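Structure record follows, encoded as structure tokens.
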Amino acid sequence: MTTTQSTATPTTQKLGIATAIAVSFLVLSGLIFSAEDVVQGSTVRMMYVHVPSIWVAYLAFGLTALCSAVYVSNRSRSLIWDRFAGASAEIGVLFVAISLVTGSLWGRLTWGTFWVWDARLTSTAFLFITYIGYLAVRRLGGTFTQRARRSAIMALLAVLEIPLVHFSVNLWRTLHQKASIADPNAKVQLDGFMLFTLFWGLVSFSMLFAWLLIHRQRLMALEDAVQDQGLDRAIQERRTEAGR
Amino acid sequence: MDLTPRPVTDAESRAQNRRRRWAPMIIVALALVAGGVVVSQFLTSAIDYYCNVDEVGVRDGCVGQRRIRVQGIVVENSLKQTNGVTEFSLVFQDKTLRVQYQGDPGGVFQECIPVVAHGRVVDGVFDSDRIEVKHTNQYVEKNKTRFEATKETAACSQLPG
């Protein structure tokens, strides 16, 4: 008889429903309620996906580093921190990819080109590749502890790229525009409902991240348990052989 | 109890194990190569100096007929498009530069918008073969403008002063 285990709990189900509602409202707000930009027209609506995506990616990679730091510094070496780090990085990679694709399409419509090798775009592409490498390093084999240790070190180094990506528009002359809401002079550069829609995008994408993270971490725990069961079964077989 | 690893006899399991072992190593190698390509592309593109209009002919790297990138704002009423050639003036810190480009720049190109032009200065005119529109970080709702600006001049209504 096979048993099935779900990664859902009543709390995550509620979070899932709330996320679905929040994302639905974002779609309505982004496509219908918010006005066009005076220069970009409807193209500006790309912003409501592009900016929240990179925000979630920063959040995810930051959390990966935080969980890795907790794993390394905590004597108990609890693997839950490693699994949260891995799950968070996977979601981060997904959202950087979304940000790169939407940014490229937005760039074609506003700049007139899909891609330029400017500091912001290049550093974001580099961030994406770094975390693909991180995910590959997690799958290099060995014990769970070996996996956790080597990926924690890599995560703590990789997170240093985030300030470089974010401040690249201030450090270099770039085609990419400077920050509109995280401006160093703290001057908001978005008209009323555009700002609200962008803020709503950040909230709903963060909720989506939380929902995905919980489920992915639980799935990883189940995967590790399956791997452990395989090992237990092999040891049991050897014990049986030895007893004969 | 004998704990020495047992050889996998099943051919399919052996192939699966091999794939499982090699796939992450290949991805790590590909990531390293891709990272190298990205950095080298960035450095190659950085060979063309990035100059503001006021630096052309003044700043080191922005002088002579070498290939450069020039950044400035398209001057209002300077845009002309005739026989597939786009001509306009760029301004930055009160210095202007006449630009000539074969074709339609694309994007949201219009007067009063910041652009980056790639090319070289020939007889005082910037001969460009690539134009990139540099959108500002200001977003203004269309219906909030005091007058109904046409698409072509919408950026002019955003200029300070």
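Brief remarks follow.
- A:Leu175 meets each of the listed conditions (1) of a type outside the set (S, T, N, Q); (2) without any contact (Cβ under 8 Å) to a residue 60 or more places away in the chain; (3) under 30 Å from B:Gln138 (Cα atoms); (4) at the interface with chain B (Cβ under 8 Å from one of its Cβ atoms) apart from (2).
- Candidates B:Val116, B:Val53: the one that is closer than 26 Å to A:Ala125 by Cα and at pLDDT 90 or above is B:Val116.
- Taking strands (runs of 3 or more DSSP E) as the structural unit, those lying wholly within region B:43-115 and holding at least 2 residues that are more than 10 Å from chain A (Cβ to nearest Cβ) correspond to B:68-74, B:80-82, B:85-92, B:95-102.
- Given (1) under 30 Å from A:Tyr71 (Cβ atoms); (2) more than 8 Å from chain B (Cβ to nearest Cβ); (3) hydroxyl-bearing (Ser, Thr, Tyr); (4) in contact (Cβ under 8 Å) with a residue 24 or more places away in the chain, index of the condition A:Thr197 fails: (1)
- The residue list A:Arg149, A:Arg45 contains one member that is charged (D, E, K, R) and free of Cβ contacts under 8 Å to residues at least 40 places away in the same chain, which is A:Arg45.
- Restricting A:Ala97, A:Ala57, A:Ala65 to those that are buried (at least 23 other Cβ atoms within 10 Å of the Cβ) and under 14 Å from the mean Cα position of the chain (by Cα) reduces the list to A:Ala57.
- Sole residue being surrounded by 14 or more Cβ atoms within 10 Å (Cβ to Cβ) and either at pLDDT 85 or above or touching a helix residue (DSSP H, G or I) at 6+ places or on another chain (Cβ under 6 Å) (or both), chosen from B:Ala46, B:Ala34: B:Ala34
- Here A:Leu31 fits the description: closer than 23 Å to A:Gly103 by Cβ, away from every other protein chain (no Cβ under 14 Å) and surrounded by fewer than 17 Cβ atoms within 10 Å (Cβ to Cβ).
- Leading residue by the ranking (farthest from the chain's Cα centre (by Cα)) among those in region A:71-94 that are β-branched (Val, Ile, Thr) and surrounded by 17 or more Cβ atoms within 10 Å (Cβ to Cβ): A:Val93
For (1) buried (at least 16 other Cβ atoms within 10 Å of the Cβ); (2) within 10 Å of chain B (Cβ to nearest Cβ); (3) at pLDDT below 95, each residue gets a yes or a no:
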site: A:Leu157; (1), (2), (3): no, no, no
site: A:Leu160; (1), (2), (3): no, no, no
site: A:His166; (1), (2), (3): yes, no, yes
site: A:Asn170; (1), (2), (3): no, no, yes
site: A:Lys187; (1), (2), (3): no, yes, yes
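- Of all residues in region B:49-82, those satisfying the criterion of being of a type in the set (D, E, K, R) and under 17 Å from B:Gln100 (Cβ atoms) are B:Arg67, B:Arg69, B:Lys80.
- Test: residue in region A:13-27 that is within 14 Å of another protein chain (Cβ to nearest Cβ), over 30 Å from A:Gln229 (Cβ atoms), hydrophobic (A, V, I, L, M, F, W, C) and free of Cβ contacts under 8 Å to residues at least 40 places away in the same chain: no
The values are calculated or read from the model by the stated rules, or taken from the named source; none is laboratory data. Computed from a prediction, not measured in an experiment: that's the story for all the values here. Cβ atoms come from the backbone with ideal geometry, glycine included; neighbour counts cover every protein chain shown.
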